[in-house]
1. Looking only at strands (runs of 3 or more DSSP E) that lie completely in segment 100-193, which have at least 2 residues being at pLDDT 95 or above, surrounded by fewer than 18 Cβ atoms within 10 Å (Cβ to Cβ) and under 15 Å from the mean Cα position of the chain (by Cα)?
2. For Tyr239, state whether it is of a type in the set (Phe, Trp, Tyr), away from ligand 2 (no atom under 12 Å from the Cβ) and in a loop (DSSP other than H, G, I, E, B).
3. Are any of the residues in segment 262-272 within 16 Å of ligand 1 (Cβ to nearest atom) and part of a helix (DSSP H, G or I)?
4. What is the number of the single condition among (1) over 20 Å from the mean Cα position of the chain (by Cα); (2) surrounded by fewer than 22 Cβ atoms within 10 Å (Cβ to Cβ); (3) under 28 Å from Arg162 (Cβ atoms) that Pro25 does not meet?
5. Could we say that Leu230 is assigned to a loop (DSSP other than H, G, I, E, B), closer than 15 Å to Phe120 by Cα and touching a Lys or Arg at 6+ places or on another chain (Cβ under 8 Å) here?
6. Residue check: is Gly288 over 18 Å from the mean Cα position of the chain (by Cα), of a type in the set (Gly, Ala, Ser) and farther than 25 Å from Gly10 by Cβ?
7. Filter segment 38-75 down to the residues that are touching a residue at least 60 places away in the same chain (Cβ under 8 Å) and either assigned to a loop (DSSP other than H, G, I, E, B) or surrounded by fewer than 17 Cβ atoms within 10 Å (Cβ to Cβ) (or both) and list them by number.
8. For the condition of a type in the set (Lys, Arg), closer than 29 Å to Met291 by Cβ and crowded, with 20+ Cβ neighbours inside 10 Å, what is the one hit in Arg214, Arg234, Arg279?
Amino acid sequence: MVLLVTGGCGFIGSNFIRFHLQSHPEQKIVNLDKLTYAGNPGNLAGLEDHPSYTFVRGDICDRKAVGSVVQDHGIGAIANFAAETHVDRSISGPAVFMETNVGGTNVLLDVAKEHAITRFVQVSTDEVYGSLGPDGKFTEETPLHPNSPYAASKAAGDLLARAYHHTYGLPVMITRCSNNYGPYQFPEKLIPLMIANALGGRKLPVYGDGQNVRDWLHVRDHCHAVDLVLRKGRPGEVYNIGGENEWKNLDLVKLLLSRLNKPESLIEFVRDRPGHDRRYAIDASKIGREMGWKPSVSFEQGLTETVAWYLENEEWRRTIESGEYRDYYRKMYDER
Ligand code: NAD
Ligand code: DAU
């Protein structure tokens, strides 16, 4: 069965494609990505000629384009990673979040229904549940309480996915994961931004009092979980995915500085993010019970690998900082 991965040039999508081509090299994957600022074909460098991999540049909001990809490539399953994902950008400009995360998801669901797609994973986030106090965890039954425009747009996408299962019987599963870290993450997100700034001798901006808590999971563990849900998940179900690994932002930033041998004086407390969620924590016992999933990468190992990856891939960082990565598509595809 040919699998359509949307948003495969982003952080998690590109890690998922690499993971999938290694785990199931025979299964064909088509990657549909619009190449927004967050999409970097360089994240998949080396796979251009892989016999099981095809890249199509396109927008999930474009009904005709999505229909053609599904028809022309004989798509049987969809994993939707494509989204606008950065909370701060959603606060300064929410419109594109609604277009892609709500409108684009709606287009994918419609096309999936028209073409009798047999498996559809909607990759979502723990942010749809809102913010926790000092105790407790989000379960799949926690009511949706999105606080940022990003979270609201993802919650709307989830509700559409749920409704398409309920009304049309579309075999949709929704995954809700906590904060991911690992290679190829765009350096606007906390961990790669702090590494890039520390290496560049710039200040590290910590929002508010730095006491907000996030539950960090290595991206490889997230990819494994999505793959399991794609194969074994029960249609109509939601699966939480998390790392059992809570960190206060300030403690995490200090840990990164120590790993990089940089002084804590680089930390700068800045104005808080408006509406900043205080704490996220995931109860991932359902996917553990049903599919035997649990995190396999310890934070110690994952962070060591991740810091080493950003140090070793200086050229990857440089082309993002200079904007040259926006030219990769032409170099990798048009000029070949
Ligand atoms: P990302 O921002 O790194 O990548 C998003 C990708 O989607 C990019 O390649 C971009 O070009 C593509 N894209 C955006 N709009 C598109 C459109 N209209 N049509 C086609 N492609 C489009 O995102 P990420 O961090 O890899 O997140 C992937 C998914 O996982 C998202 O749905 C996000 O909500 C979810 N998620 C992320 C995290 C996290 O910590 N990063 C945690 C939980 C869930
Ligand atoms: O929880 C899953 C979500 O994790 C995903 O759905 C989102 O797509 C992803 O961006 C991420 O959202 P966060 O807002 O938690 O991630 P971010 O890396 O932007 O911020 C992590 C924490 O660090 C958050 O409390 C805000 C804080 N922060 C962030 C940045 C960029 C800072 O203190 N300084 C910063 O410069």
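The values are calculated or read from the model by the stated rules, or taken from the named source; none is laboratory data. Predicted model, so just to flag it, every value in this text is computed and none were measured. Note that each Cβ is placed from the backbone with ideal geometry, even for glycine, and that neighbours are counted across all protein chains shown.
1. Of the strands (runs of 3 or more DSSP E) lying wholly inside segment 100-193, none has at least 2 residues that are at pLDDT 95 or above, surrounded by fewer than 18 Cβ atoms within 10 Å (Cβ to Cβ) and under 15 Å from the mean Cα position of the chain (by Cα).
2. Taking the combined requirement at face value, the residue does not satisfy it.
3. no
4. (3)
5. no
6. Here the answer is yes, as Gly288 does meet what is asked.
7. Ala38, Asn40, Ala45, Glu48, Arg57, His73, Gly74, listed by residue number.
8. Arg214
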